[in-house]
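Quick notes on the structure that follows.
The values are calculated or read from the model by the stated rules, or taken from the named source; none is laboratory data. Since we're looking at a predicted model, the values are computed, not measured. With ideal geometry, Cβ positions are generated from the backbone for all residues, glycine too; neighbour counts draw on all protein chains shown.
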Ligand SMILES: [Zn+2]
């Protein structure tokens, strides 16, 4: 055990010097004067604390407390601004959670409601089956090809007149 681990074990050693877990610390203190002095300093502090006595509470403490409570009860009610300031200063935020949840619910309702309204208001497209849709695409393609052919024929009319050799 080195001095650092011994310093960490000093409180345990103070409260329970005979514990077997403190054997290593005791062995180190027997050989290390610095740690032995630290332990002696702790023991002196604790023995001094043992002699300290808490001052007696005043005999009139209860009466004074009761008087102050009665004065506070009899005082005129604070204005709404004062109460709001106190509430904001000394709250834990717990009482704002329902309001926050309500606000989020309103946001959700408004968002979802607007999406629902837009889907309702959007003109519904005539439902066309996939087959009809494909046929329309093919028809459009065929028309485009025909127009292209016509354009090509208009560009060089002699090509089609001469038979392929
Ligand atoms: Zn040491």
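The residue of segment 19-35 that is nearest to residue 7 (Cα to Cα), among those that are within 8 Å of the ligand (Cβ to nearest atom) and surrounded by 12 or more Cβ atoms within 10 Å (Cβ to Cβ), is 35. Checked against (1) more than 16 Å from the ligand (Cβ to nearest atom); (2) surrounded by 10 or more Cβ atoms within 10 Å (Cβ to Cβ); (3) more than 42 Å from the chain's Cα centre (by Cα); (4) modelled with pLDDT of 85 or more, residue 47 meets all criteria but (2).
Residue-level check: of (1) more than 21 Å from the chain's Cα centre (by Cα); (2) surrounded by 10 or more Cβ atoms within 10 Å (Cβ to Cβ), residue 73 misses just (2).
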